[in-house]
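Have a look at the structure below before the remarks.
The values are calculated or read from the model by the stated rules, or taken from the named source; none is laboratory data. This structure is a prediction, so every number in the text was calculated from the model and none was measured. Ideal geometry is used to build each Cβ from the backbone, glycine not excepted, and the neighbour counts take in all protein chains shown.
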């Protein structure tokens, strides 16, 4: 367990925690993008260059921006007013989350004995990934393409103003 | 501790954090953020298994992660669109007030 | 002889290096009409000329190609080579299993595609005249072209999956065509009926396909020894046994046959066929004569190796016996009903059903050659009859009731003479085409060791055929006219095809006479040569069957000839034996039977499902909700009480409890998510716990 | 000798590193590269600013800066001193941390991009085989910084500017990526090094630059347009359209932070220009076979400079678009064109050698261009327009 690993882990976890705890939603969005960046770095440490950059491109470049837009469009940018940021059932939620973590951790540690200690870094070039995508995984690729297209259209339709026909429907 | 276990633990922690966020926050967008975190934790697991698994050259875990990233993007787009629409209707994104689906 | 074996082996497919040009461009034959259909679908309504031109042009090119392929096969046959060339390709690969499609060029497909192209082309040309006044002309030709394309696809396909796809397109287009005049409720109903009834058969067919794939692991019929119709696979299927003491081969064959039953209107799925007369007459000709109904027979012929798997000389297999019996029964049954119909097209429809019965019986009794021969001849003369009927209807101003016609002999001579040719061919009058093919079937029936009954049934059917056809023509053409509207001859674009078909209906039989059984030997790919001795063998039968036909004609003439009764007064046969007449008149109540059994059952079942939905499940949900509400109420009551009592603590407890209970169905996302996570936790815990021991 | 001149910086690096113990050499080499990049580009930035101001001045028929030093060439220095010594004003309600971090994120992200740009033969800091992806990832993360700046300064102009900028960057990032995917298809690699090598051949005296093929030309045009929008250059400079929003998302910035934004913008421009040159104009390869003796890095920087001049020229020439025109242009013209271009490249790839593919591919591109142009013109309806913001 190198130093880099712990540093990046600390960054990521800190980002995640901040994302779920901060009051201001925009801060949460920024924090979560920090967490995304940390995850990307973890991918890089795992010699998964492609996945790492894809992670940055998709999550920081697109998802974070989307979230921010959604926040601004729903007028949530300023810190919420009455009632605090946590739902009424926050305690139960916390307990459940803790339980999940406990179980997962238990599982990992229980299985930790059989895990390989070190493995040589697999020399995987982007070319191989491309070939795999175009060869063995071409069907999933097509399906994902379809999914993305339909999601694009669906998102537009869902978010479209219902009263478009009445002169753009500017209220 | 073997590196794989380390990565798995980190993933578990992130997953739990995301779940906590999804479970405890009032705001729908925050719930979405939490879910994104959970997805990412899952991706980390996949990549880690790919890296330390017996057949890294098969690229299975990697592919899985890449596809799930793509799917996550779609999910975010649609989810946020839904949130915006809900906000238009209910004028709120507070989940505690969105309980019209009561049976 | 040995040399011939070698040549045949060399010619065998699989080593695709010597697949001829004809076989390689075979796919164009169905593709062209389909493409034409696609283009026509894009045309506008007024572009009638262009659409008709496209359809006819594409089909005529297909005809040329088909003739080319046929010539190739004949050439191969002429120098003693069993031509069977396949072009296969893998459509999709799922793990180890790969789904192959492909087409085959062998005598069966070659002769069938020539027939379909030729008759189809004539019908296209004919319908230019017939549909001239319809404003949906273009749509009609789009459907026609698509239909022809799909049918040709069925014919050439070497993969049962490809065959099934085209099969379904055929079903769809027949639905579209039958319901072409959808504004007529009867037409719409008939279309629906046809679609659903054939579906029933197709379900079994699909099951058969899947089972076949599971058994043999290939979808191809012929694949250089690896196909499902070749000894290796057949042996495998014979070895495995399934329910009711059937071999897998037998069971699959029966399932596929069910599909054929649906398509070619055999008992008990024949009900859709007569109703299909609601479509325009060219459609009736196309569907009932050349193509769709023939598809079923062709399917059986195509999988004949499977049907006949494990047959002993002189014996038969379960599948073949079923085919034979169904065919024979259908033949007689439909012929009986046809006697008592008044709609000119319905009569022909029922006669089609019975003729299909003959074909099936022929397949079951004497093998591919016999059945296919009758199919081919029947295609020609039945198309002729339908188009003649169409011309009659057209000429007498859309009058379809035979009793309101009469005396058209002089008014439309062309139609009359061609119709006569077709009628005699159908009756099996020597030397018309029908005679030879039907004679072949009867001959095979006589030689069938298993049972004589099919033979007798078929002979009786022949008698009835002659009878009802005589009745029809004497109603339509003879006597004096009974309608005030004066009829007129149809335009040349309709009569010329009639003439051509009439010619074929007269002479086509000569390619399959016992003296010179060219057709049979061609399909069997064995050399053909004259032998007058054959005449001696089957001569006896010929004479007898001719006598039977003459008796039928005579009876018919005796009953109806030149009487020309008024439309109101009862039918001649009705006067003689009323009860029989009533039964036949009502088509033996088959529709009613289905009405009270199958359909009623479905209706009842739908009711039950609806009731369950409304009462039981809904009730349960409501009950649960009510229960929870009740508990919450209870808690609240307690609350109030104890607060007054001043036990804040307990009150909070109860409130908490009530809250918990109510929360279970509060429509909050997070609640559900939480429960989900909890479930995951529990499951994971159990898993780990169980796995560590 | 020529070899030496070509490799001069590489040799220098080796020479300097060689003084250190072996263990540190690698790290030191990387460090040197970083230092070089951080040293060179701001200098270029200064030059570019001067050039822009003087060039625009000439175009508008006035002298540009001409007081500081001979012909005002010391103007950048003066600007630098001014921005460093100016007071750093942070709005009272501003979100302190984010407001402070935003410019840093921008600059860091922008500079990261240069790590993979091959600026000359063997002159790339990190030669990873996914370098193109890396560059775009970095470019994507600048959007967030823009938003941070705009949102954190609690000023509606800033916020609007930021939203516009982000929307515009996202919309034009798609065509930017797609138009470079063509090159990836052709070279079969994501590594910029490979791409330069793929173009570094000559038939006769002419180079095999991708821009000289139908799909390359179309892709190049799309890339130029998208890169202008991506760097918020005029005519796509609505985010800081001074007539509408004072200065866009960095309205509330002053002093050194403002300078950082300024720097970030220009360095980002260099980055995009460098990428474009690498993708379509053969990177550091010489334009004619008889000019190969000129050091490769000179070619690279020359191309970048030409690109910048082109940007300046365009800025001096074209008026500013309106927001909806911008978006329509992105989604209804540029994006479809890039998609067609992909198909075109595929056709080119599979038609094999021969004059035929030239005809066919050019025909495809031209047809698509004409058709979509017509459609766009038809769809173009001017008139009252109601802007809608989410309610």
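A quick yes/no check of all residues on (1) more than 7 Å from every other protein chain (Cβ to nearest Cβ); (2) surrounded by fewer than 19 Cβ atoms within 10 Å (Cβ to Cβ); (3) assigned to a helix (DSSP H, G or I):
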site	(1), (2), (3)
A:8	yes, no, yes
A:23	yes, yes, no
A:35	no, no, yes
A:65	no, no, yes
A:91	yes, yes, yes
A:100	no, no, yes
A:103	no, no, yes
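Is segment A:104-115 home to any residue that is modelled with pLDDT under 75 and in contact with a helix residue (DSSP H, G or I) (Cβ under 7 Å, 6 or more places away or on another chain)?
Yes, segment A:104-115 contains a residue that is modelled with pLDDT under 75 and in contact with a helix residue (DSSP H, G or I) (Cβ under 7 Å, 6 or more places away or on another chain).
List the helices (runs of 4 or more DSSP H) that sit entirely inside segment C:216-288 and contain at least 3 residues that are without any contact (Cβ under 8 Å) to a residue 60 or more places away in the chain and within 25 Å of residue C:91 (Cβ to Cβ).
Filter on segment C:216-288 gives C:231-239, C:248-263.
Can you name every residue in segment D:145-165 that is surrounded by 24 or more Cβ atoms within 10 Å (Cβ to Cβ) and either within 8 Å of another protein chain (Cβ to nearest Cβ) or at positive phi (or both)?
D:147, D:148, D:151
Checking residue B:6 against (1) within 7 Å of another protein chain (Cβ to nearest Cβ); (2) buried (at least 24 other Cβ atoms within 10 Å of the Cβ), which test does it fail?
Just one mismatch for residue B:6, condition (2).
Modelled with pLDDT under 85 and touching a helix residue (DSSP H, G or I) at 6+ places or on another chain (Cβ under 6 Å): is that true of residue B:84 in this structure?
The answer is yes for residue B:84.
When residues of segment B:14-47 are filtered for being part of a helix (DSSP H, G or I), facing chain A (nearest Cβ under 7 Å) and over 13 Å from the mean Cα position of the chain (by Cα), how many remain?
Total satisfying the criteria: 2.
So how many residues does segment D:69-84 have that are surrounded by fewer than 13 Cβ atoms within 10 Å (Cβ to Cβ) and either outside any helix (DSSP H, G or I) or in contact with a helix residue (DSSP H, G or I) (Cβ under 8 Å, 6 or more places away or on another chain) (or both)?
The total comes to 1.
Would you please name the residue that is surrounded by the fewest Cβ atoms within 10 Å (Cβ to Cβ), looking only at residues in segment C:1-51 that are at pLDDT 80 or above and not in a helix (DSSP H, G or I)?
C:44
Residues are listed down the side, and each one gets a yes or a no for (1) out of contact with any helix residue (DSSP H, G or I) (no Cβ under 8 Å at 6 or more places or on another chain); (2) within 20 Å of residue C:294 (Cα to Cα):
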| site | (1), (2) |
| --- | --- |
| C:160 | no, yes |
| C:197 | no, yes |
| C:214 | yes, no |
| C:237 | no, no |
| C:249 | no, no |
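If residue C:215 satisfies all but one of (1) closer than 20 Å to residue C:157 by Cβ; (2) modelled with pLDDT of 85 or more, what's the number of the condition it fails?
(2)
Residues checked against (1) crowded, with 21+ Cβ neighbours inside 10 Å; (2) in contact with a strand residue (DSSP E or B) (Cβ under 6 Å, 6 or more places away or on another chain); (3) outside any helix (DSSP H, G or I):
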residue: C:61; (1), (2), (3): no, no, no
residue: C:80; (1), (2), (3): no, no, yes
residue: C:115; (1), (2), (3): yes, no, no
residue: C:123; (1), (2), (3): yes, no, no
residue: C:127; (1), (2), (3): yes, no, no
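Does residue B:59 meet the test of being on the phi > 0 side of the Ramachandran plot and either more than 7 Å from every other protein chain (Cβ to nearest Cβ) or modelled with pLDDT under 90 (or both)?
yes
Just to verify a result, which residue in segment B:73-89, among those that are more than 7 Å from chain A (Cβ to nearest Cβ) and within 19 Å of the chain's Cα centre (by Cα), is nearest to residue B:40 (Cα to Cα)?
Quick first cut of segment B:73-89, residues more than 7 Å from chain A (Cβ to nearest Cβ) only: B:75, B:79, B:86, B:88-89.
After this cut, where a residue has to be within 19 Å of the chain's Cα centre (by Cα) as well, the list is B:75, B:79.
Working: B:75: 13, B:79: 16 Å.
Per the stated criteria, the residue is B:75.
In this structure, does residue D:267 turn out to be closer than 24 Å to residue D:191 by Cα and out of contact with any helix residue (DSSP H, G or I) (no Cβ under 6 Å at 6 or more places or on another chain)?
no
If a residue has to be within 11 Å of the chain's Cα centre (by Cα) and within 7 Å of chain D (Cβ to nearest Cβ) to count, how many in segment A:43-61 make the cut? Give the steps one after another, and end with the answer.
Of the residues in segment A:43-61, the ones within 11 Å of the chain's Cα centre (by Cα) are A:55-56, A:58-60.
Now restrict to residues that are within 7 Å of chain D (Cβ to nearest Cβ): A:56, A:60.
The qualifying residues number 2.
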